[in-house]
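Notes follow the structure.
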Amino acid sequence: MLKTDDLKESAARAALDLVTDGMRLGLGTGSTASRFVAALGERVAAGLNVVCVPTSDATREQAARLGIPLTTLDETPRLDLTVDGADEIDTQLRMIKGGGGALLREKIVATASDRMVVVADDSKLVSVLGLYPLPVEVVRFGLMATIGLIEAIAAETGCHGAITLRPGAADAPFVTDQGNLILDCAFGTIPEPEVLAFSLKRVPGVVEHGLFLGLADLAIVAGKSGVRAMRRAGA
Ligand code: 5RP
């Protein structure tokens, strides 16, 4: 039987077919994206010419170790393609991301890209988003007030559930690469992701949320019967 790790590997390697010489790439974060970075490193070692913007310090370190040429969005503000993983993907390719805590840079990089392709094993496919707790990146200042506002606006959009501060090492909270905190919102279901996404951005303490809507145009999903491509309608 194929293990989840094998499925992640298959999806990540299939995405390499989309990479052509000279591309400017966004590199995602997480265990599936890191398989893509590893496979890309092999191609670069064999002569592929690309330049890449990583979405986290961890991905930057991995790519640098593999000799993948790196740039920044300041030097290269527009990218051809970003390949990243996801925590949940629905049939419209709306996603929850941020399980690895990199959602802010991931969203900035995906938005700066002509195409975003998501790579995943089929356990990430859902009919309704929300079983995976929605990560929301917040500033430290006013944390309790921000939590209260998120609870209130989430309830207005039919979302209820515990909001917890993501723990890090040694009893300290998890801190993102941008120096912020992550709230994990266990809503169970998110009936109207667009409405929730819009409302969350009205909370001043919210830096960004893990709802990625209308960003991915293709999902490469590996399951026990093989790898399939899911396209976003109208993309
Ligand atoms: C990191 C992310 C990841 O893409 C997401 O958590 C999926 O990770 P994995 O491929 O390890 O399941 O959003 O912030």
Hey, Arg202 over 30 Å from Ser225 (Cβ atoms), open to solvent by 50 Å² or more (accessible area, probe 1.4 Å) and in contact (Cβ under 8 Å) with a residue 40 or more places away in the chain or not: yes
Candidate set from region 2-43 (those that are more than 12 Å from the ligand (Cβ to nearest atom) and among the polar types (S, T, N, Q)); member that is least open to solvent (accessible area, probe 1.4 Å): Ser10
Yes/no for Phe174 being over 25 Å from Val195 (Cβ atoms), within 16 Å of the ligand (Cβ to nearest atom), touching a residue at least 12 places away in the same chain (Cβ under 8 Å) and in contact with a Gly (Cβ under 8 Å, 6 or more places away or on another chain): yes
Failed item, numbered, when Arg94 is tested on (1) under 26 Å from Asp5 (Cβ atoms); (2) under 12 Å from the mean Cα position of the chain (by Cα); (3) within 12 Å of the ligand (Cβ to nearest atom): (3)
Conditions (1) charged (D, E, K, R); (2) within 15 Å of the ligand (Cβ to nearest atom); (3) out of contact with any helix residue (DSSP H, G or I) (no Cβ under 8 Å at 6 or more places or on another chain); number of the one not met by Asp80: (2)
Subset of region 113-158 that is among the charged types (D, E, K, R) and part of a helix (DSSP H, G or I) - its residue that is surrounded by the most Cβ atoms within 10 Å (Cβ to Cβ): Lys124
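The values are calculated or read from the model by the stated rules, or taken from the named source; none is laboratory data. Keep in mind that this is a model prediction, so the values were computed, not measured. Glycine gets a Cβ as well: all are built from the backbone with ideal geometry, and neighbour counts include every protein chain shown. Accessible surface areas use protein heavy atoms only, side chains included; no ligands, DNA or RNA. Shrake-Rupley method; radii C 1.70, N 1.55, O 1.52, S 1.80 Å.
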